[in-house]
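To start, the structure under review is shown below, and the notes come after it.
The values are calculated or read from the model by the stated rules, or taken from the named source; none is laboratory data. Keep in mind that what you see is a predicted model, and the values were worked out from it rather than measured. Using ideal geometry, Cβ is built from the backbone for each residue, glycine included, and neighbour counts are taken over all protein chains shown. Accessible surface is based on the protein model in full, side chains and every heavy atom, while ligands, DNA and RNA are left aside. Shrake-Rupley method; radii C 1.70, N 1.55, O 1.52, S 1.80 Å.
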Amino acid sequence: MDTNIYDLIIIGAGPAGLAASIYASRYKINHIVIAKEPGGQANEAHLVENWPGTESISGLELGQKMREHVEKLGGKIIMDSVSNIMKEGDVWSVTTHAENYKAKYIILALGMEYRKLRIPGETEFRGKGVSYCPTCDAPFFKDKTVVVVGGGNSAASAALLLAEYAGSVFIIYRGERLKVDPAYLEKISGNAKVKVIYQTNIKEIKGEKSVEKIILDKKYENADELEVQGIFIEIGSEPGIELVKQLGVESDEQGFIIVESDQSTNVANIYAAGDATTGSNKTRQIVTAAAEGAIAAGSVYRKLQIS
């Protein structure tokens, strides 16, 4: 058991958690980062083209560069999952699957969890044709027919990436038009491999050992089913805040952690940063997540100075 009491434990290692660690190291705050996987959902971005100073970079590479920056400054990332957080006297006790750690302050950088369709076949075929990560799985669908579910920028990005491998790509969206940036719309319109099916939902996913077809709630080309080998679900994310409920940290009606301008929560010495918070007008971009992590670390530093 680690008996050291840290000044700070950062839970999560997406852009918010890694930025918080970078700033914590520069403030000479004794801290650790605990996360299942450094990089968070940013790892799965095919291309990041709005990170200031870098025209284009894969999410995986950007996450790796952030991790290297953290470690170069002396930050320690512990690859584990947090199962419980509780108050013990004046410190927080953080329990993982393998260890127990203690700290005066906590920054929750929990990120988001994939939103599910919640239809028959989705769970059964996850990893057998159903995917939430086009960057991870696109190469497995070379020359096959795949579907992207969703109508936003993430769905558009997924479809364009998949078109580099698949024989054909369908975007299935329940709305009347895609809600994407003009640049994405232009690329999709100019890609012969990509077709959009509007005002349609998937009712069921079927197959034997892997995905073979989907059942639609309206006919497409006189059929209510479509033969496909892959389904990529890009309908957004929701805050991953199971730990928040244990702590009594307040969240809004959508589940986002309510934070003040200094990233503090309603629970003393608990801060939150990144996509799972109400901060940054819920912009949910890598740049705003990193900014919130920096602010949270700065807030902890100021508290430590007066404690």
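Brief remarks follow.
- Here 212, 221, 260 are screened, and the one residue that is open to solvent by 60 Å² or more (accessible area, probe 1.4 Å), more than 30 Å from residue 81 (Cα to Cα) and at pLDDT 95 or above is 212.
- Of the residues screened, residue 236 is one that is within 30 Å of residue 162 (Cβ to Cβ), modelled with pLDDT under 95 and open to solvent by 20 Å² or more (accessible area, probe 1.4 Å).
- Taking the stretch 180-225 as the range and being touching a helix residue (DSSP H, G or I) at 6+ places or on another chain (Cβ under 8 Å) and charged (D, E, K, R) as the test, the residues that pass are 181, 187.
- Number of positions in the stretch 14-57 that are touching a His at 6+ places or on another chain (Cβ under 7 Å) and either at pLDDT below 95 or over 19 Å from residue 82 (Cβ atoms) (or both): 1
Quick grid of which residues meet (1) in contact with a Pro (Cβ under 7 Å, 6 or more places away or on another chain); (2) part of a loop (DSSP other than H, G, I, E, B):
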| site | (1), (2) |
| --- | --- |
| 62 | no, no |
| 66 | yes, no |
| 69 | no, no |
| 75 | no, yes |
| 84 | no, no |
| 92 | no, no |
| 102 | no, no |
| 106 | no, no |
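- Residue within the stretch 26-34 that is touching a residue at least 12 places away in the same chain (Cβ under 8 Å), in a helix (DSSP H, G or I) and open to solvent by 10 Å² or more (accessible area, probe 1.4 Å) present: yes
- Set 271, 198: member being open to solvent by less than 30 Å² (accessible area, probe 1.4 Å), aromatic (Phe, Trp, Tyr) and at pLDDT 95 or above: 271
- Taking the conditions (1) open to solvent by less than 60 Å² (accessible area, probe 1.4 Å); (2) modelled with pLDDT of 95 or more; (3) within 30 Å of residue 121 (Cβ to Cβ) in turn, residue 276 satisfies each one other than (2).
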